[in-house]
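K.L.:
Dropping a structure here in structure tokens format, bear with me for questions.
The values are calculated or read from the model by the stated rules, or taken from the named source; none is laboratory data. Note that the structure is predicted; figures quoted are calculated from it, not measured. Every residue, glycine among them, receives a Cβ derived from its backbone with ideal geometry; neighbour counts consider all protein chains shown.
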Amino acid sequence: MKRVDYHEPTTLEEAVQLMTRYPDTASFFAGGTDLLVELREQTRRADHVVNLKRIPDLGMLTFDPRAGVHCGALVTVRTLENAPFIRAHYAGLWQAARELASIPVRERATLAGNVCRASPSADTLPPLIADQAVAHVYGPAGRRDVTLEDFFLGPGRTVLSHEEVLTGFSIPAPEPGTGKSYIKHGRRKAMELATVGVAVTLTLDGDSVRDLRIVLGAVAPTPIRAPEAEQVLIGKRPEPALIEQAAEAAIAGSRPISDVRSSADYRRRMVGVQTRRALQQALEAAR
Amino acid sequence: MNASVIDTTAKGAVETEGRDGRGEDDGTIGRSVKRQDLLEKATGHAKFAGDIVLPGMLHGKIKRSDVAHARIRRIDTSKALALPGVKAVLTHENVPRVLHYGSPHPRSASVTRDQYIFDNKVRYWGEGIAAVAAISEEIAEEALDLIEVEYEELPAVFTLDEATAADAPQVHDRGPGGNQVIDPIRVSRGDVDSGFAEADLILEGEFEFGRPTACYMEPNICVSQWDGNDKLTMWSSTQTAFMVRGILAEVLGVPLNRVRVLVDHMGGGFGAKQDLFQHEFLCALLARETRRPVRMEFSRKETFLGGRSRHPGTMYLKQGFRRDGTITARQARITLNTGAYGSHGPGVTTVGTTALTSLYRCNNVDLEGRCIYTNTPIAGAFRGYGVVQVYYGLDIQLDEAAEALGMDPVELKLRNAVREGDLAPSGHPIIGHGLEDCLRRGAEEVNWGPVRQATRNQDGVYRRGWGVGCEMHGSSAYPGIKEQGNATVKMNEDGTVTLLTGAAGLGTGAHTALAQIVAEELGVAFEDVSVVHGDTDIVPWDIGAFASHTTFMVGRAAQQAAADIRQQLLAQAALRLERDAADLAVRRGRIVAVDGSGSSLSVREAVSPTPGIPAAHLIANGTYTPTKSYSFAAHFVEVEVDTETGQIRVLQVVPVHEFGKVIHPVAAAGQIEGGIQQGIGHTLSEDYVVDTSNGRSLNAGFVDYKMPLAMDMPPIRTIMLETAPDPGGPFGAKGIGEDPIIAIGPAIANAVYDAIGVRFHCYPITPERVINALAGTD
């Protein structure tokens, strides 16, 4: 690995100042599971690495039945996976967390890192969007909040400016009658990148669907909502034929590419199959 | 019937059936003794080539081409040499230009002389074209980018069709033309025309094989050092240390006693580490040029670009069957893609083609195998050596025939199973055959008839199927190479024993098996035998660890040396006991009279010095030049296919192997389980993909080359039979290294057919292929 200058700010202000001082050549460092590999393989250039781990309070993970989850930027994927309230109330995120890479990687990797890396196939992104998570950002101009749905611009690109720090997330508490799911479609069970990912957060009102968000991963430059598919079911009883119709609508809304992992055509088919299955799982959980 | 059963679901428990009432104390063979390298590996003390750190050591890196076929018009290293910390740069302009074999087996028909260390031509994307030695890996890497290369691009061929087309661009100027590495291999017995005329059923099929790679855990690595006497010492992760020594000496122009190759432990090789690689030459040359030690280690990506894969290719197979299932004729046309260099292509083509003479007996065969150059990465030796490909097709076609004839596939395979005395692929009559035993035992174990019946008429999303695949494989590379196994055994003056062997320790436990054989033959405890290996200056010459022959061939040599020591020991004891040596025997570390009369001596007492008598000096050599023996297997597999996603899950595997004598049950079962894991990967997911528009590797790394991991593995109930021991092997033992990877493929393909009624004539059977086939779009 090439030499880098290493910085350990202890406040957010200091971190932002460092990033401002090195406009092109600094990278934040939290878990390092992407950063260090990219530096070593020279797919990313950085002369300065700004470690966030000395900044207090970024490692908090809390849950309140009304306010929902607050997850600091340094919370690891493994911590999420092991938190009972994530498993109980954020089943999609929990499923995504436990299928991300491997246990050793999850012990270091942070949720914030997975989000900032903005890989189209990242596992935690679809369930975060489906759960209406909000990112808290700190920058030279102060604090701002961005919904995860508006956070991603393209592969590796987000709304964050170079100087801005993602400090954490809020994820609303689920309403009663809500079921969630995430299905990762890959080539093997662990250490895998999703060929297609589907997250569903669905709320029932009696027999019919009151609220529904379907988010697709790995079939567009960013994770995408499938609004046409959602509209097929919202306000209706989720009969099998409608679920099938929603799955078809999800296919129509996806824009996959062909690569060595899969052809675009196979990805489209899997969007259909896995959207249907994710809807069924979420529905079962909601009942 | 003697059988060891190892069930992974029962945490490796070993059941041994019918072992002639042998107790725990009765010898070492057949017991899963603690591996001889257990402690040093568990504590991290075992030395791998990558652990060698020498004072002043430099780091070498290889610059790889980014074009697939070109002449190097100009290569400018001045900027790289000017970079601080760079000590040497090598290109085709300043390395010895010696045409050499990819793998230096002596007197071998397996390999081709078609490589230079560096040529002024590039023949595939990723081929090494320059090397740098610098004080750090980072500086060496930086220097690679500073080397300027100007190419004159040449038209390239990436597929077999392109390479064999009329007027195709030629990858090499040598060979018989048409991008052939060698003249076609032709095997003909009987008369296929009359065989087909006799047939009631004729089946034809085209098969296509992907490009799996070995993915050994330890990337290729070597460290070189020249001493003040101009002698080279090289630590290298190689299966063939003496071959590396030989070709290095030849190319460097030094005698053999000035090259010492060391291999203590290895993190796998699977056959692919029996070539001599560019970096091994370059490491030695950079060390000579700089007068400093140099270390060169492949990145994982380089193990793809600069490593060796299995040969991709195609096969046309036609067979005739009588109504009763008897095979009347077999015709095959095999075409293997060896990539840019021949490597083991000729050997793989020969072994694969001749393998089709057997497994299922047939008197009329007409076989042709061709080995073709393309501008793609090099295919070479790899566990299964051509047999994986051809038996995949052969066994699937047997399954098809069974259905067409209305027979059970086990019944059809039993009817045609190779028998004792049949002509083996090597041209020798087979001594002992285990195939029938494997088939019968496996069918009984899985309750074959009823489980197959249970897979009829499924209509759910998830469908299950059972399949069976068979194989046989030779221990030793005879007749392709006339091999020789050597061993030296010494007895120390306290009665302990040292075995010297040149056989490499790939991680298979071979040294443990060899020590067990010596202990058994000598009548001493396994713990009293230690093994010295991996130093070409010390241990006896060895051809290398490959061809499933180490236990079979070196084991026999070790047994012979141990038998010699036993005679010497008894002679010593005879003096002290004042008896005739012929009346004595070694039992559990003691020298006793065969008839039980008189006093006895411990082994130690027989050889240790006593006042007036010096310690005995006992040393013996064993040399064994085998022909060939064959091991057999039938794999029974249950799969589940998700008909909506095309994903195939292997639910369970019952491998039944016959290999004469099980020396170490847990290690042998480990070979079988590992082969199955590798075979599942090759059959379902692993494929090293080359872009056929420009020759680029698309998945040279573990991000997109996917092997099955622990979580993907099904339970395996391994059954090991000893029904056909080979008189040439130690205690009847035959090889087990390659066998397990062969039968699993067709077993899976046949099980998939049983589940969903779709035939796959290709591997890997990816989910996408399944979905396309089910949708009828393939």
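K.L.:
Hydrophobic (A, V, I, L, M, F, W, C), within 14 Å of chain A (Cβ to nearest Cβ) and in contact with a strand residue (DSSP E or B) (Cβ under 6 Å, 6 or more places away or on another chain), is that true of residue B:618?
P.N.:
no
K.L.:
Here's a follow-up. Between residues in the stretch B:40-64 that are farther than 30 Å from residue B:697 by Cα and residues that are of a type in the set (Gly, Ala, Ser), which pairs lie under 7 Å by C-beta distance while being six or more apart or on different chains?
P.N.:
B:40/B:46
K.L.:
How many residues are in a helix (DSSP H, G or I) and buried (at least 24 other Cβ atoms within 10 Å of the Cβ) when one looks only at the stretch B:682-721?
P.N.:
Qualifying residue count for the region: 3.
K.L.:
Restricting attention to the stretch A:228-287, report how many residues are basic (Lys, Arg), part of a loop (DSSP other than H, G, I, E, B) and either closer than 30 Å to residue A:155 by Cα or within 11 Å of another protein chain (Cβ to nearest Cβ) (or both).
P.N.:
Summing the residues that are basic (Lys, Arg), part of a loop (DSSP other than H, G, I, E, B) and either closer than 30 Å to residue A:155 by Cα or within 11 Å of another protein chain (Cβ to nearest Cβ) (or both) in the stretch A:228-287 gives 2.
K.L.:
In this structure, is residue A:58 touching a residue at least 24 places away in the same chain (Cβ under 8 Å), in contact with a helix residue (DSSP H, G or I) (Cβ under 8 Å, 6 or more places away or on another chain) and either of a type outside the set (Lys, Arg) or closer than 24 Å to residue A:194 by Cα (or both)?
P.N.:
On the way: touching a residue at least 24 places away in the same chain (Cβ under 8 Å): yes; in contact with a helix residue (DSSP H, G or I) (Cβ under 8 Å, 6 or more places away or on another chain): no; either of a type outside the set (Lys, Arg) or closer than 24 Å to residue A:194 by Cα (or both): yes.
For residue A:58, the condition - touching a residue at least 24 places away in the same chain (Cβ under 8 Å), in contact with a helix residue (DSSP H, G or I) (Cβ under 8 Å, 6 or more places away or on another chain) and either of a type outside the set (Lys, Arg) or closer than 24 Å to residue A:194 by Cα (or both) - is not met.
K.L.:
Oh, and also: I'm trying to understand the selection: among the residues of the stretch A:148-180, which are in contact (Cβ under 8 Å) with a residue 60 or more places away in the chain and small (Gly, Ala, Ser)?
P.N.:
Passing the criteria: A:154, A:168, A:170, A:173, A:177, A:179.
K.L.:
With the condition kept exactly as written, say whether any residue in the stretch B:59-72 is aliphatic (A, V, I, L, M), farther than 29 Å from residue B:341 by Cβ and touching a Ser or Thr at 6+ places or on another chain (Cβ under 9 Å).
P.N.:
Residues of the stretch B:59-72 that are aliphatic (A, V, I, L, M), as a first pass: B:62, B:67-68, B:70, B:72.
Then keep just the ones that are farther than 29 Å from residue B:341 by Cβ; that gives none.
No, the stretch B:59-72 has no match at all.
K.L.:
Is there any pair linking a residue in the stretch A:233-252 that is in contact (Cβ under 8 Å) with a residue 60 or more places away in the chain to one that is surrounded by 12 or more Cβ atoms within 10 Å (Cβ to Cβ), with Cβ under 7 Å and at least six apart or on different chains, and which?
P.N.:
Pairs that qualify, where the first residue is in contact (Cβ under 8 Å) with a residue 60 or more places away in the chain and the partner is surrounded by 12 or more Cβ atoms within 10 Å (Cβ to Cβ): there are none.
K.L.:
Given (1) within 13 Å of chain B (Cβ to nearest Cβ); (2) surrounded by fewer than 22 Cβ atoms within 10 Å (Cβ to Cβ); (3) under 28 Å from residue B:685 (Cβ atoms), identify the lone condition not met by residue A:185.
P.N.:
Only one criterion in (1) within 13 Å of chain B (Cβ to nearest Cβ); (2) surrounded by fewer than 22 Cβ atoms within 10 Å (Cβ to Cβ); (3) under 28 Å from residue B:685 (Cβ atoms) is unmet by residue A:185, namely (2).
K.L.:
Right, something else. When the stretch B:752-778 is examined, which residues are found to be at the interface with another protein chain (Cβ under 10 Å from one of its Cβ atoms), among the charged types (D, E, K, R) and closer than 19 Å to residue B:651 by Cα?
P.N.:
Passing the criteria: none in range.
K.L.:
Are any residues in the stretch A:35-57 of a type outside the set (Ser, Thr, Tyr), surrounded by fewer than 19 Cβ atoms within 10 Å (Cβ to Cβ) and part of a loop (DSSP other than H, G, I, E, B), and if so, which ones?
P.N.:
A:41, A:42, A:44, A:45, A:47, A:53, A:54, A:56, A:57 - these are the residues of the stretch A:35-57 that are of a type outside the set (Ser, Thr, Tyr), surrounded by fewer than 19 Cβ atoms within 10 Å (Cβ to Cβ) and part of a loop (DSSP other than H, G, I, E, B).
K.L.:
Could you check the stretch B:589-606 and list, in sequence order, the residues that are part of a loop (DSSP other than H, G, I, E, B) and surrounded by 13 or more Cβ atoms within 10 Å (Cβ to Cβ)?
P.N.:
Initial filter on the stretch B:589-606 (part of a loop (DSSP other than H, G, I, E, B)): B:589, B:594-600.
Hits for the stretch B:589-606 are B:589, B:600.
K.L.:
Further question on the same structure: Exactly one of these conditions fails for residue B:343: (1) modelled with pLDDT of 95 or more; (2) crowded, with 24+ Cβ neighbours inside 10 Å. Give me its number.
P.N.:
Result: residue B:343 fails condition (1) only.
K.L.:
Which members of the stretch B:140-169 meet the condition of being free of Cβ contacts under 8 Å to residues at least 60 places away in the same chain and away from every other protein chain (no Cβ under 14 Å)?
P.N.:
Passing the criteria: B:161, B:165, B:166, B:167, B:168.
K.L.:
Shifting gears a bit: Limited to the stretch B:678-707, what total is found for residues that are of a type outside the set (A, V, I, L, M) and within 12 Å of chain A (Cβ to nearest Cβ)?
P.N.:
14
K.L.:
Same structure again: Under 8 Å between Cβ atoms, which residue pairs at least 6 apart in sequence (or on different chains) link something in the stretch B:232-245 that is assigned by TED's automatic domain parsing to the domain that holds residue B:276 and more than 14 Å from residue B:285 (Cα to Cα) with a partner that is aromatic (Phe, Trp, Tyr) and surrounded by 24 or more Cβ atoms within 10 Å (Cβ to Cβ)?
P.N.:
Listed by first residue and then by second, the contacts come to B:239/B:546; B:240/B:546.
K.L.:
Has the stretch B:632-650 got any residue that is under 30 Å from residue B:518 (Cβ atoms) and either buried (at least 24 other Cβ atoms within 10 Å of the Cβ) or within 14 Å of another protein chain (Cβ to nearest Cβ) (or both)?
P.N.:
Checking the stretch B:632-650: at least one residue is under 30 Å from residue B:518 (Cβ atoms) and either buried (at least 24 other Cβ atoms within 10 Å of the Cβ) or within 14 Å of another protein chain (Cβ to nearest Cβ) (or both).
Residue by residue, here is whether (1) among the charged types (D, E, K, R); (2) surrounded by fewer than 17 Cβ atoms within 10 Å (Cβ to Cβ); (3) modelled with pLDDT of 95 or more; (4) outside the structural domain of residue B:363 (by TED's automatic domain parsing) holds:
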| residue | (1), (2), (3), (4) |
| --- | --- |
| B:390 | no, no, yes, no |
| B:395 | yes, no, yes, no |
| B:405 | no, no, yes, no |
| B:412 | no, no, yes, no |
| B:417 | no, no, yes, no |
| B:420 | yes, yes, no, no |
| B:432 | no, no, no, no |
| B:441 | yes, no, yes, no |
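K.L.:
Can you give me the number of residues within the stretch B:708-724 that are charged (D, E, K, R) and more than 10 Å from every other protein chain (Cβ to nearest Cβ)? Break it down stepwise before answering.
P.N.:
Of all residues in the stretch B:708-724, those charged (D, E, K, R) come to B:712, B:717, B:722.
Filter again for more than 10 Å from every other protein chain (Cβ to nearest Cβ), leaving B:717, B:722.
The qualifying residues number 2.
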